[in-house]
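See structure below.
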Amino acid sequence: MIHTFYKYQGTGNDFVMIDNRLEAFDKNDSQLIAHLCSRRIGIGADGLILLESEPGYDFKMVYFNADGNESTMCGNGGRCIVAFADFLGIINRDTRFLAIDGPHLAIIDSEHIELKMQDVSTISSNENDHLLNTGSPHYVALKSDLETIDMNVEGAKIRYSEPFKSNGVNVNFAEKINEDTFAIRTYERGVEAETLSCGTGATAVAIAMFHSKQTTSNAINLQTQGGVLKVRFNPLLESYSEVWLCGPAKQVFKAEIEW
């Protein structure tokens with residue numbers, strides 16, 4: 001059969017997007033999902049996202065990593081699916097949708113999407129190492145000479161190290177540019193390589209840098225390999241609330257494929 005799909009990207013983090021409100025796509029076919037995400041023999045993407053109907057919400061987001069497995073929250077994917085829902089006429093300017101980690105609010109203004117992330121209540125820090133969950137688990141470390149690092153090698157060392165071997169972890173290295181700006185590079189589990197951007201990773205870096213007193217700003221610019229994201233939040237005594245991930249999300253193309 002011939003199927004319609006869309007390609008979206010948010011600061012270089014790219015996704016195959018499918019309207020699955022009629023539930024025609026087989027979500028259990030991990031081999032098909034991995035094939036569609038393959039950059040050699042498929043469409044090519046960091047992940048695949050299904051937009052589905054969900055009572056009480058504008059829509060539901062179902063996210064799969066490039067390896068074909070359903071995964072935890074994807075921040076850039078969340079912003080991209082909001083742009084997709086707007087394209088389909090499901091939403092106007094504001095939306096409330098359901099993802100694997102719970103409800104999310106979002107605001108769309110042309111190609112600029114602001115996505116409300118879940119509150120962050122637990123951060124484990126040990127000198128320069130920080131662990132936190134921003135919808136997906138993330139390791140964050142401050143580095144110098146960020147551009148010289150081989151992320152696929154150094155990221156994989158941490159992702160497959162003993163503490164994370166079973167479930168994996170996303171690995172983020174950050175370098176301070178100024179008081180409210182950090183450069184960031186991310187190795188993503190499920191993709192098993194560096195990606196041009198990671199929304200939950202940018203969120204994790206912003207909060208970790210504030211938590212470790214590398215910045216006093218609660219509105220932080222993150223320079224990813226694919227563009228600039230902004231994260232703002234409300235720091236509380238033991239947690240971070242009103243966490244918003246902001247940046248562009250664009251439709252790249254619409255096409256058809258047989259599977």
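The values are calculated or read from the model by the stated rules, or taken from the named source; none is laboratory data. No experiment lies behind these values; they were computed from the predicted model shown. As a convention, Cβ positions derive from the backbone with ideal geometry for all residues, glycine included, and neighbour counts pool all protein chains shown.
Of the residues making up the range 99-132, just one is free of Cβ contacts under 8 Å to residues at least 40 places away in the same chain, assigned by TED's automatic domain parsing to the domain that holds F210 and either closer than 17 Å to C198 by Cα or of a type in the set (F, W, Y) (or both), namely L131.
Look at (1) surrounded by fewer than 17 Cβ atoms within 10 Å (Cβ to Cβ); (2) under 21 Å from D101 (Cα atoms) and you find that V171 fails only one, number (1). There is no residue in the range 186-197 that is buried (at least 24 other Cβ atoms within 10 Å of the Cβ), within 25 Å of R79 (Cα to Cα), in the same structural domain as P235 (by TED's automatic domain parsing) and among the aliphatic types (A, V, I, L, M). Within the range 198-251, the residues that satisfy the criterion of being within 25 Å of E111 (Cα to Cα), assigned to a helix (DSSP H, G or I) and of a type outside the set (A, V, I, L, M) are G199, T200, G201, T203.
A quick yes/no check of all residues on (1) under 20 Å from V252 (Cβ atoms); (2) surrounded by fewer than 15 Cβ atoms within 10 Å (Cβ to Cβ); (3) in the same structural domain as A85 (by TED's automatic domain parsing):
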position	(1), (2), (3)
D14	yes, no, yes
I18	yes, no, yes
L22	no, yes, yes
S38	yes, yes, yes
M61	yes, no, yes
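Taking the listed residues L32, L36, L50, the one that is at pLDDT 95 or above and part of a strand (DSSP E or B) is L50, with no other qualifying.
Tell me whether the range 82-98 contains one or more residues that are assigned by TED's automatic domain parsing to the domain that holds E54, assigned to a strand (DSSP E or B) and crowded, with 19+ Cβ neighbours inside 10 Å. Scanning the range 82-98 turns up at least one residue that is assigned by TED's automatic domain parsing to the domain that holds E54, assigned to a strand (DSSP E or B) and crowded, with 19+ Cβ neighbours inside 10 Å. With the structure loaded, tell me whether E127 is under 30 Å from K176 (Cα atoms) and at pLDDT below 95 or whether it fails that test. So E127 passes the test. I'd like the full set of residues that are part of a strand (DSSP E or B) and touching a residue at least 40 places away in the same chain (Cβ under 8 Å), limited to the range 13-29. If the condition is that a residue be part of a strand (DSSP E or B) and touching a residue at least 40 places away in the same chain (Cβ under 8 Å), then N13, D14, F15, M17, D19 are the ones that fit. When F164 is tested against (1) modelled with pLDDT of 95 or more; (2) buried (at least 17 other Cβ atoms within 10 Å of the Cβ), just one condition goes unmet, and that condition is (1).
Residue count for the range 43-59 satisfying the condition of being without any contact (Cβ under 8 Å) to a residue 60 or more places away in the chain, crowded, with 16+ Cβ neighbours inside 10 Å and closer than 26 Å to E194 by Cα: 5.
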